[in-house]
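I have placed the structure first, in the form of structure tokens, so that the comments after it can refer back to it.
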Amino acid sequence: MAPTATEPEQSQQHTKKAVGLAALDASGRLSPLAITRRSTGDDDVMIKILYCGICHSDLHSIKNDWKNAKYPMIPGHEIAGEVTEVGKNVTKFKAGDRVGVGCMVNSCQSCESCDKGFENHCPGIIFTYNSVDRDGTVTHGGYSSMVVVHERFVVRFPDAMPLDKGAPLLCAGITVYSPMKYHGLNVPGLHLGVLGLGGLGHVAVKFGKAFGMKVTVISSSPGKKQEALERLGADAFVVSKDADEMKAAVSTMDGIINTVSANIPMAPLLGLLKPNGKMIMVGLPEQPIEVPPFALVARNKTLAGSCIGGMRDTQEMLDLAAKHGVTADIEVISAEYVNTAMERLAKADVRYRFVIDIANTLDKAAAAATTE
């Protein structure tokens with residue numbers, strides 16, 4: 001790693017020193033960066049970060065694939081840690097609590113969406129990183145030693161939930177849980193298709209089974225069949241490139257959670273739905289998708305999208321996951337390994353989520369960088 005750099009000082013008088021792993025340009029290479037966090041405000045929770053999951057959107061962001069990068073960028077929105085300090089107005093949390101922070105750290109808190117508990121739909125949403133906060137500073141994510149967040153955007157980890165395996169649920173978990181809840185794909189006995197078996201897909205399978213559904217994994221990779229059925233508990237597996245298997249599955253599914261980010265033919269997949277069936281997209285293909293109108297209209301089918309979820313639903317998701325033993329399958333890595341992990345992630349070489357051991361390895365990585 002490169003020597004530790006220093007971020008320009010924030011304009012606030014009272015700040016806390018921290019260190020993070022930052023991308024300085026579109027190469028996406030991460031290196032230690034000394035930063036400052038705001039001091040704990042009246043409504044804030046200060047969190048010592050213990051673990052942070054690596055989401056595929058982190059990789060897109062640090063490489064500026066979405067053309068909105070603000071450098072230096074410290075990614076990470078699957079944050080698990082421990083409360084170290086709370087503001088005087090905070091009532092939900094106290095020092096020592098096990099908590100998490102997901103994809104957002106603030107919103108306007110007054111619009112219709114916020115009032116209904118859907119902060120994720122707020123026009124003034126402030127994302128956990130690469131977003132401009134209310135004080136004009138750019139937010140930094142969880143690949144860092146600590147963070148200060150408004151109480152509303154902090155969730156509690158149930159006692160039964162391990163922090164390392166629970167961290168990815170703050171993005172991957174709520175991303176699949178929310179559409180399942182709001183599109184009625186959480187009813188025992190219904191048949192759920194999960195398209196794609198990666199970071200999102202493997203969690204969708206687990207939630208489907210927790211809801212008592214029949215779950216079929218749809219994948220272009222025959223090699224994932226054994227894992228889907230034996231390790232993750234899916235009921236069936238369909239190879240999307242196998243015409244016979246696809247034909248046998250036509251009109252059998254009540255809904256499909258589409259986690260795929262590649263551009264793939266939609267008509268054959270929509271054909272797997274029963275009349276009135278729904279496909280919910282949570283993956284983000286880079287190019288526009290083509291949907292033959294007949295594939296939707298003829299049998300009253302729905303194609304919808306979903307993006308993360310509100311804070312109330314995120315806490316509900318964690319509580320249900322803990323009750324049913326739903327966690328992410330992870331590979332815990334050190335901070336020094338993060339660039340190698342990103343290279344592997346780009347090749348889909350992970351089962352199914354990298355999680356950085358921030359507490360035990362970040363300071364070591366930063367210290368090593370300063371002596372190189």
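So, with +1 on the Cβ of K and R and -1 on the Cβ of D and E, and no other charges, what is the size of the charge dipole of segment 172-305 about its Cα centre, to the nearest 20 debye?
Result for segment 172-305 is approximately 300 debye, rounded to the nearest 20.
Once the Cα gyration tensor of segment 255-372 is found, what semi-axes does its equivalent ellipsoid get, as square roots of 5 times the eigenvalues, in whole Å, sorted largest first?
39, 20, 11
Go ahead and set up a Gaussian network model of the chain, Cα springs under 10 Å, then flag whichever of L232, L170, L197 fluctuates most.
Among L232, L170, L197, the largest GNM mean-square fluctuation belongs to L232.
Of all DSSP beta bridges in the chain, what percent run antiparallel (nearest 5)?
Of the beta bridges lying entirely in the chain, close to 55 percent run antiparallel.
Out of residues 5 or more away from M161 or on other chains, whose amide H comes under 5 Å of its own, with H placed 1.01 Å from N in the peptide plane?
It is none; the list stays empty.
Can you divide the C-alpha Rg of segment 138-220 by 2.2 N^0.38 Å and report the result to two decimal places?
Dividing the Cα radius of gyration by 2.2 N^0.38 Å gives 1.29.
HN-Hα J couplings of segment 310-318 from phi, Karplus 6.51/-1.76/1.60, θ = phi - 60°, integer Hz, Gly and Pro as x?
Per residue, the Karplus-derived 3J(HN,Hα) values read x, 5, 4, 5, 5, 5, 4, 4, 4 Hz.
So for the pair K70, I289, with labels modelled 7 Å out along Cα→Cβ, what separation do we get in nm?
Once both label points are built, they end up 3.0 nm from each other.
Which residues' amide hydrogens lie under 5 Å from the amide hydrogen of Q109, considering only partners 5 or more residues apart or on another chain, with H built in the peptide plane?
none
To the nearest 10 degrees, how steeply does helix 358-371 sit against the main Cα axis of the chain, on a 0 to 90 scale?
Its long axis makes an angle of about 60 degrees.
Can you list the residues, at least 5 places off or on another chain, whose amide H is less than 5 Å from the amide H of I256, using H built in the peptide plane?
It is G193, K278, M279, I280, by chain and number.
If I build a Gaussian network model for the chain, linking alpha-carbon pairs within less than 10 angstrom, which residue out of Y51, Y71, Y129 has the largest mean-square fluctuation?
Fluctuation is largest for Y71.
Exceeding 30 Å between C-alpha atoms, which entries from my cross-link table qualify? They are K247/K323; K165/K347; K94/K165; K94/K364.
K247/K323
Please identify, among T128, T259, T15, the residue showing maximal mean-square fluctuation in a Gaussian network model of the chain using a 10 angstrom Cα cutoff.
Its mean-square fluctuation being the largest, the pick is T15.
By a straight-distance test (C-alpha under 12 Å), which aspartates and glutamates pair with K274 as possible cross-link partners, with residues fewer than eight away in the same chain excluded?
Here the aspartates and glutamates satisfying the reach criterion relative to K274 are D254.
Taking every pair of Cα atoms in segment 319-372, average 1/r, invert it to obtain the Kirkwood radius, and report Rg/Rh to two decimals.
Taking Rg over the Kirkwood Rh, I get 1.12.
Karplus couplings for segment 347-352 from phi (6.51 cos²θ - 1.76 cosθ + 1.60, θ = phi - 60°), rounded to Hz, Gly and Pro as x?
9, 6, 9, 7, 10, 10
Report the full-extension gain for the segment A243 to A304: residue separation times 0.36 nm, less the Cα-Cα distance, to one decimal in nm.
19.4 nm
Taking each pair of different alpha-carbon atoms in segment 172-305 once, compute 1/r for the pair, average those values, and report the inverse of that mean as the Kirkwood hydrodynamic radius in Å to one decimal.
After inverting the mean inverse Cα-Cα distance, the result is 14.4 Å.
Which whole-Hz ³J(HN,Hα) couplings does segment 88-102 yield from phi under the Karplus relation 6.51 cos²θ - 1.76 cosθ + 1.60, θ = phi - 60°, glycine and proline marked x?
Using θ = phi - 60°, the values come out as 5, 8, 6, 10, 7, 9, 9, 4, x, 5, 8, 9, x, 9, x Hz.
Out of every Cα-Cα pair in the chain, what percent are more than 30 Å apart?
38 percent
Per DSSP H run of at least 4 residues, take -39500 (n - 2.57); add these up for the chain, divide by its residues and hand me the 222 nm value, nearest 500 deg cm²/dmol.
Helix-only estimate at 222 nm: -6500 deg cm²/dmol.
Whole-Å semi-axes of segment 33-125's equivalent ellipsoid, largest first, each the root of 5 times a Cα gyration tensor eigenvalue?
After scaling each eigenvalue by five and taking roots: 24, 20, 13 Å.
Readers should treat all values here as calculations from the given coordinates under stated rules, not as data from a laboratory. If you're wondering where the values come from, they're calculated on a predicted model, not measured in any experiment. Reconstructed Cβ throughout: ideal geometry from the backbone, glycine too, with neighbour counts over all protein chains shown.
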